[in-house]
Amino acid sequence: MKARPAWLRHILRLLALLALCAASLQVVFAARIALMNLLDPQSTAFQRSEAWRLLAEKHQLPWSQDWVGNGQIAAHLKRAVIASEDAGFADHGGVDWDAIEKAWDKNQRAEARAERLAQKQPAKAGATAKIVGGSTITQQLAKNLFLSGERTVLRKGQELVLTLMLETLLSKQRILEIYLNNVEWGEGVFGAQAAARHYFRVDAARLGPEQAARLAVMLPAPKRFEQRPGSPYVTGRAATIVARMGAVALP
């Protein structure tokens, strides 16, 4: 049998090493997620990134976050967030393929409109379509806990692997608890307790339906909605969420 060329052996060894490193990284991720059954995560990758940004831009760290247990978060807020962000949270396995397909179709239509506009108005040829996502609560948590904000196929693939790990190793209740205690609700405002105190001067356990719905509306763009928490859009969208909350099944 003819021996492989030296360069090919080096490439195969390198590929094997890369595969081993990738597998080892997944084991580390799995161990960290399994540990979350016993310990609350101290911070997320997104929070650390935000802390560095605030320090660099403002030379200070305005930060508010107070972890509270699942029983100290109002059921109204849980229902509002699920109704707004991920209606099938209690039933799916971490990835809502129907939502992803709908988001893909919507993105394709938006890109086609942007291309037609660029053809009609060359001065706006640089305009891009707004990309709409189909991420579930579990996917959002996977991204916030471990990943950077870059948009690449490799990062999206890692997000899906982490999502399946979270769904396998943690209960739905625990996933929702970690999500609600770490999600951003404004610049330097993280978690349900900090948000409830910041916007309504109450504890997270005492949030009413309308207050919970207003917080849920903010999640896609908290820094923007923080500037106008009482805007007509927030008010109207919150009313829609309140109407949907009664049909939400909590895990």
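The values are calculated or read from the model by the stated rules, or taken from the named source; none is laboratory data. Model, not experiment: these values are computed from the prediction. A quick note on method: Cβ atoms are made from the backbone with ideal geometry, for glycine too, and the neighbour counts reach across all protein chains shown. With ligands, DNA and RNA removed, areas are computed over all heavy atoms of the protein, side chains included. Shrake-Rupley method; radii C 1.70, N 1.55, O 1.52, S 1.80 Å.
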Note to self: C-alpha centroids of segment 189-228 and segment 11-27 sit apart, in Å, by 43 Å
When every protein chain stays in place and a 1.4 Å probe is rolled, Ser84, Ser171 sorted by accessible area with the largest first are Ser171, Ser84
Of segment 39-57, those with amide N under 11 Å from the point 7 Å along the Cα→Cβ vector of Gln72 are none
Note to self: with every protein chain in place and a 1.4 Å probe, segment 153-251 gives an accessible area per residue in Å² of 44 Å²
Within the under-11-Å Cβ sphere about Phe89, not counting Phe89, Lys/Arg +1 and Asp/Glu -1 give a net charge of -2
With +1 at each Lys and Arg Cβ and -1 at each Asp and Glu Cβ, the charge dipole magnitude of segment 152-251 around its Cα centre, to the nearest 20 debye, comes out at 200 debye
For segment 177-182, in residue order, the Karplus 3J(HN,Hα) values (coefficients 6.51, -1.76, 1.60; θ = phi - 60°; whole Hz; Gly and Pro = x) are 5, 5, 4, 5, 8, 10
Gyration tensor on Cα atoms of segment 189-251, a ≥ b ≥ c root eigenvalues, a/c under 1.5 rounded, else prolate if a/b beats b/c, else oblate, says oblate
Ranking His198, His92 from most to least accessible area with a 1.4 Å probe gives His198, His92
In nanometres, the difference between 0.36 nm per residue of separation and the alpha-carbon distance of Leu8 and His59 is 13.3 nm
Order by accessible surface, 1.4 Å probe, largest leading, for residues His76, His10 comes to His10, His76
Over all pairs of different Cα atoms in segment 20-76, the reciprocal of the mean inverse distance gives a Kirkwood radius in Å of 14.4 Å
